[in-house]
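Asker: Just passing along the structure, written as structure tokens.
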Amino acid sequence: MPFDPTIAAIRFGIGLSPTIAAPSSVADMLARLTGPDTIAAEVPIPTYTDVYPSPLDYRQATRALTQARGTDGEDAADEHRRQVRQDGTDAMLSFVKADLIRAAYTEDGFRERLVRFWADHFTARPTKGIDRHLISPYIEEAIRPYVAGNFADMLIAVVGSPMMIWFLDQHQSMGPNSQAARGGNKGLNENLARELLELHTLGVGGGYQPSDVRALAELLTGVSASAQDGGYFRPSHAEPGPELVLGVEYGGGEASIEDVNAGLRGLAMHPDTARHLARKLVTHFVGPSPSLTLVDAMAARYLQDGGALFGMYEVLLEHEDAWNSVARNVKQPFDFIVSSMRALGVERDEISNAENVAIRRYIHRPMTVMGQTWQRPVGPDGWPEEEENWITPQGMAGRITWSMQVPQNLLDHLPDPRAFVYTALGPTPPEAVLFAANAAETVSDGVGLVLASAAFQRR
Amino acid sequence: MDRRKFLIGGAALGCSAAASPFVTPVAMAAAPWDARLVVIILRGAMDGVDVIQPYGDPALAELRPTLVTGKAADLDGFYALHPAFEPLRPLWNAGEFGAVQAVSTPYRDKRSHFDGQDILEAGLPDLSGGGLRDGWLNRMLQVVPGLEPEVAFAIGREQMLVLSGDAPASRWSPDARLSISPNARALLSVVHHDDPLFRDASEDAIAIAEQISLQADLAQETETMMAESPMMEAVSRGGEHVKIAEFAASRMRADTRIVSFSINGWDTHAHQSNGMKNGARALTDTILTLKAGLGAAWDKTAVLCLTEFGRTARENGSGGTDHGTGGAMLYAGGALRGGQVVGEWPGLGESDLYAGRDLLPTRDVRAHVAWVMRGLIGLDQAVLEQAIFPGLELGPNPGLVR
């Protein structure tokens with residue numbers, strides 16, 4: 001098998017590093033993935049359940065302020081609530097830094113890439129200003145633990161997460177014949193059910209009907225979330241009676257989250273889901289128009305393994321397409337920035353001690369110009385894969401400007417471009433990049449040219 | 001022709017208001033017509049039944065107990081205007097704002113935003129071609145003789161399929177700038193020589209950035225026009241949508257003839273009254289800004305506001321509506337005959353609804369767009385039915401163009 005350490009690091013990891021060795025084999029990559037998640041332990045991000053400030057912290061602060069109105073305590077309560085809000089902003093910033101450090105220093109780059117892939121597959125967006133910092137904890141809780149596990153477990157964790165429930169309005173939904181709907185005019189909301197079928201499982205081309213969307217929406221009734229309880233199940237909102245989803249009947253007895261989870265497991269094991277996930281993985285890691293035999297082989301392995309993701313990855317990494325010497329994808333803006341920081345060897349302390357303004361100036365704002373706003377894709381379908389979406393005149397202006405201007409602000413001493421071209425691109429960089437790195441007028445131009453090159457931007 | 005030369009589109013820099021916030025090409029070919037076409041994609045599926053409320057239909061109030069508040073004021077004895085759209089009332093009275101009711105693209109049943117938007121922007125009857133990445137505005141650029149592609153551009157960070165395709169149209173947004181030394185610039189072209197995607201994007205970025213210092217007058221002029229227009233008092237300042245509308249107006253006072261951009265946020269599954277307020281604010285701001293910024297050119301302008309599909313006739317349990325089928329197209333501009341709601345109303349009775357839940361589309365919205373293009377630009381029926389909107393039957397003229 002034509003395994004190549006440079007391709008392994010760039011295409012399936014964050015990129016090359018001057019201090020961390022590239023993977024030595026597919027077995028090495030997979031062993032790290034199934035081993036302990038060391039970088040997450042070293043650079044922790046709290047889960048949604050553990051995060052401070054939580055929506056409940058904010059609600060309590062707001063209640064305290066309401067109660068203190070007109071009393072001597074009003075100023076203190078006001079100040080406390082302001083502080084909780086500020087703590088949320090600070091928390092978000094610390095999570096960005098944690099992501100940067102993890103990416104720059106992990107020895108298990110494939111895992112980081114999978115976390116981002118699945119977080120994008122299950123895109124959730126904050127629905128309230130005070131929830132802005134909760135995307136990373138959502139990923140830490142519902143995505144990260146499952147990337148090498150079983151897809152159904154991830155699906156169940158996502159559907160149970162308040163961030164997804166709020167994002168897709170599931171907390172608004174109740175069965176038309178549920179106890180809660182009686183007397184009121186409240187009813188069903190199909191949003192989550194639709195995206196589950198269209199995006200998360202079978203895919204928009206999958207074999208489902210409008211009636212399946214509705215049945216799944218009715219099966220999902222009762223799934224809800226609150227600041228107090230997080231994700232929880234409200235039998236009073238559940239539609240009574242069984243639901244027929246994709247030809248399988250779920251529920252019918254006393255309403256329970258178990259019925260919902262059984263339905264989700266059914267979706268996870270649908271052959272269309274297997275193909276949808278396989279196709280997305282190959283497109284993301286290898287390039288557009290994936291080979292059908294590879295997709296079918298991955299899908300078959302997934303079904304054979306009862307929905308375990310590991311086997312699919314193994315089939316992918318053992319296929320010759322994975323190691324094609326032509327890099328057909330481009331790094332998305334965040335990946336471009338972190339792979340640059342990794343190649344430059346930016347010090348951990350430089351990242352963890354960075355001021356807010358530096359994170360905005362060197363990470364957030366440039367990413368936006370490059371077309372990717374931090375954790376804010378436009379819709380629940382996440383970021384586009386097509387290279388034309390990213391390599392536009394404007395996107396390229398952002399990438400070039402970052403390459404030329406930012407590295408000197410992250411390092412005390414820029415590396416020698418003549419050596420850096422090998423650090424960043426491996427032992428056989430393209431002749432043109434080698435030439436440019438040697439011919440640049442200044443060190444910062446030389447480093448910038450390497451980073452701005454198609455050879456570095458592609459994977 | 002040098003590809004780089006005609007790829008240059010508008011560019012925008014978000015700096016101080018005094019400096020030019022936008023950049024445009026210096027040399028632009030004249031288009032073979034004078035009319036301006038603005039296509040606004042309302043992403044998320046606008047609820048046409050809420051915006052242009054058929055209060056004359058007895059079923060409306062029953063289907064929408066909370067959405068119909070009685071605050072919508074009459075338009076024509078049958079329809080009433082959602083209160084959040086009242087800023088457009090003066091345009092309605094002047095015959096410069098109108099709507100087409102009960103229309104949709106040919107897309108049916110799956111009610112997916114993404115497919116719906118693709119079909120809307122591609123202008124095709126369905127997605128059966130697969131892998132579709134060619135928009136109808138772009139196809140128009142390809143088939144109309146004498147039209148120089150550089151007059152078309154898209155603004156904003158999103159990919160606009162409607163302008164994508166073989167005819168080049170470029171895209172730039174606020175906040176973008178390019179910083180590179182002349183020496184590094186030369187070396188970069190060496191580095192990207194063998195990768196056309198990177199080479200072209202880099203060259204275009206450099207070319208656009210080079211225009212930055214060459215153009216400030218148009219934007220300055222727009223600022224002045226805005227400041228002097230009494231209509232702009234109703235417009236909330238500072239939003240990105242207002243900047244985009246100002247930019248578009250500046251460009252269309254010069255040589256640009258086609259502009260397309262999108263306004264998001266119409267997916268009102270819950271608490272529709274809030275979502276509608278925000279959407280209406282963005283859209284009415286945009287239309288008023290276009291009118292103020294276009295000046296005399298407004299009389300030659302058609303603004304078409306299209307959405308991927310309508311929403312359910314019934315409101316749902318959370319004060320919102322779900323994905324539906326038939327909806328409304330809003331339009332504005334001095335070139336169009338406003339002050340009317342066009343279209344055959346199918347009714348909201350149980351048996352009138354599509355699939356028992358949605359407003360039944362009584363005509364293909366593409367026919368209205370096509371008739372506007374025909375009336376405005378004089379495009380051939382065959383070109384419209386075959387190249388631009390394959391599979392469309394033009395049908396009778398709905399009379400939107402003055």
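Since every read-out is calculated from the coordinates, none of them should be taken as a lab result. Predicted model only: the values in this text are computed from it and were never measured. Because the Cβ atoms are built from the backbone with ideal geometry, glycine has one as well, and the counts that use them run over all protein chains shown.
Asker: By count of other Cβ within 10 Å, fewest leading, how are A:GLU195, B:GLU223, B:GLU96 ordered?
Answerer: Ranking A:GLU195, B:GLU223, B:GLU96 by Cβ neighbours within 10 Å, fewest first, gives B:GLU223, A:GLU195, B:GLU96.
Asker: With all pairs of different alpha carbon atoms counted, what Kirkwood hydrodynamic radius in Å does segment A:218-262 show?
Answerer: On the way: mean 1/r = 0.0927 Å⁻¹.
Evaluated over segment A:218-262, this radius sits at 10.8 Å.
Asker: Apply 1/(1 + (r/R0)^6) to the Cβ-Cβ distance of B:GLN381 and A:THR49, taking R0 = 60 Å, and write down the FRET efficiency to the nearest 0.05.
Answerer: Once rounded, the FRET efficiency stands at 0.45.
Asker: What is the dipole size for segment A:362-459, taken about its Cα centre, with +1 at each Lys and Arg Cβ and -1 at each Asp and Glu Cβ, in debye to the nearest 20?
Answerer: Charge dipole of segment A:362-459: 180 debye, to the nearest 20.
Asker: Using 0.36 nm per residue, how much length does the chain from A:GLU42 to A:ARG59 gain when fully extended, once their Cα-Cα distance is taken away?
Answerer: Here the segment from A:GLU42 to A:ARG59 would lengthen by 3.0 nm.
Asker: Please report, for the Cα atoms of segment A:163-268, the Rg to one decimal and the Dmax as a whole number; what are they, in angstrom?
Answerer: 12.8, 39
Asker: Whose amide H sits under 5 Å from the amide H of B:ASP358, counting only residues 5 or more places off or on another chain, with H placed in the peptide plane?
Answerer: Those lying under 5 Å, H to H, from B:ASP358 are B:ALA313.
Asker: Putting +1 on Lys and Arg Cβ atoms and -1 on Asp and Glu Cβ atoms, find which of A:LEU199, A:PHE167, A:SER211 reaches farthest to the positive end of the dipole of segment A:163-268.
Answerer: A:PHE167
Asker: Taking 0.36 nm per residue of separation and subtracting the Cα-Cα distance, what length does fully extending A:GLU258 through A:GLU347 add? List each step's numbers first, then the result.
Answerer: Details: separation 89, 0.36 × 89 = 32.04 nm, distance 4.74 nm.
Net length gain for the segment: 27.3 nm.
Asker: What translational diffusion coefficient, to the nearest whole µm²/s, does segment A:27-145 have by Stokes-Einstein, given a Kirkwood radius computed over alpha-carbon pairs, a temperature of 10 °C and 1.306 mPa s viscosity?
Answerer: Taking Rh from Cα pairs, D becomes 99 µm²/s.
Asker: Whole-Hz Karplus ³J(HN,Hα) for segment B:251-267, in order, using 6.51 cos²θ - 1.76 cosθ + 1.60 and θ = phi - 60°, x for Gly and Pro?
Answerer: Per residue, the Karplus-derived 3J(HN,Hα) values read 5, 6, 5, 8, 9, 5, 10, 10, 9, 9, 8, 10, 10, 9, x, 9, 8 Hz.
Asker: Then there's this: Quick one: if you stick a label point 7 Å off each Cα along the C-beta vector at A:ASN438 and A:ARG82, how many nm between them?
Answerer: 6.1
Asker: Also: With the Cα gyration tensor of segment B:55-103 in hand, convert its eigenvalues to equivalent ellipsoid semi-axes via √(5λ) and list them largest first in whole Å. Please report the intermediate quantities before stating the final value.
Answerer: Values: eigenvalues 87, 31, 16 Å².
Rounded to whole Å, the semi-axes are 21, 12, 9.
Asker: Need one number: nm distance between label points at A:ARG360 and A:ASP28, each 7 Å from Cα along Cα→Cβ, rounded to one decimal.
Answerer: 4.2
Asker: Taking the Cα centre as origin and putting +1 on Lys and Arg beta-carbons and -1 on Asp and Glu beta-carbons, what dipole magnitude results for chain A, to the nearest 20 debye?
Answerer: It comes to approximately 700 debye.
Asker: Give the angle, between 0 and 90 degrees and rounded to the nearest 10, that separates the Cα long axis of helix A:292-304 from the longest principal axis of the Cα atoms of chain A.
Answerer: Result, in degrees: 50.
Asker: Follow-up. Hey, what number do you get for chain A at 222 nm if only DSSP H runs of n ≥ 4 count, each worth -39500 (n - 2.57), divided across all residues, to the nearest 500?
Answerer: -15000 deg cm²/dmol
Asker: Any idea what the alpha-carbon Rg over 2.2 N^0.38 Å comes to for chain A?
Answerer: 1.05
Asker: List the lysines whose Cα lies under 17 Å from the Cα of A:LYS331, skipping any in the same chain that are fewer than 8 positions away.
Answerer: Counting by Cα, and skipping residues close in sequence, A:LYS331 has these lysines nearby: A:LYS280.
Asker: Round to a whole angstrom and tell me the spacing of the C-alpha centers of segment B:56-106 and segment A:18-61.
Answerer: So the separation of the two Cα centres works out to 52 Å.
Asker: Please give, to one decimal in nm, the separation of the simple spin-label points placed at A:GLU386 and A:SER94, each 7 Å out from Cα toward the Cβ.
Answerer: 4.2
Asker: First select every other residue whose beta carbon is under 9 angstrom from the beta carbon of A:VAL26; then total the charges, Lys and Arg +1, Asp and Glu -1.
Answerer: Details: positive: none; negative: A:ASP28, A:GLU314, A:GLU318.
In short, -3.
Asker: Moving to a separate point now. Which order do B:TRP371, B:TRP33 fall in if you start with the one that has the fewest other Cβ atoms within 10 Å?
Answerer: B:TRP33, B:TRP371
Asker: Report, ordered by chain and residue number, the lysines lying within cross-link reach of B:LYS300, taken as a straight Cα distance under 26 Å and ignoring same-chain residues fewer than 8 apart.
Answerer: Cross-link targets: B:LYS243, B:LYS291.
Asker: Which whole number of Å³ per residue matches the convex hull of the alpha-carbon atoms in the protein assembly as shown? Don't jump to the answer; show the numbers that get you there.
Answerer: Values: hull volume 148.3 nm³, N = 861.
Hull volume normalised by residue count: 172 Å³.
Asker: Then there is this: If only Cα atoms are counted, what is the Rg of segment A:34-104, and what is its Dmax, in Å?
Answerer: 16.7, 57
Asker: Determine which lysines satisfy two conditions relative to B:LYS71: a Cα distance under 21 Å, and not lying fewer than 8 residues away in the same chain.
Answerer: Answer for B:LYS71, where 21 Å is the Cα cut-off: B:LYS277, listed by chain and number.
Asker: Among A:LYS128, B:LYS243, rank each residue by its count of other Cβ atoms within 10 Å, from fewest to most, as a rough exposure measure.
Answerer: In order of increasing Cβ crowding within 10 Å: A:LYS128, B:LYS243.
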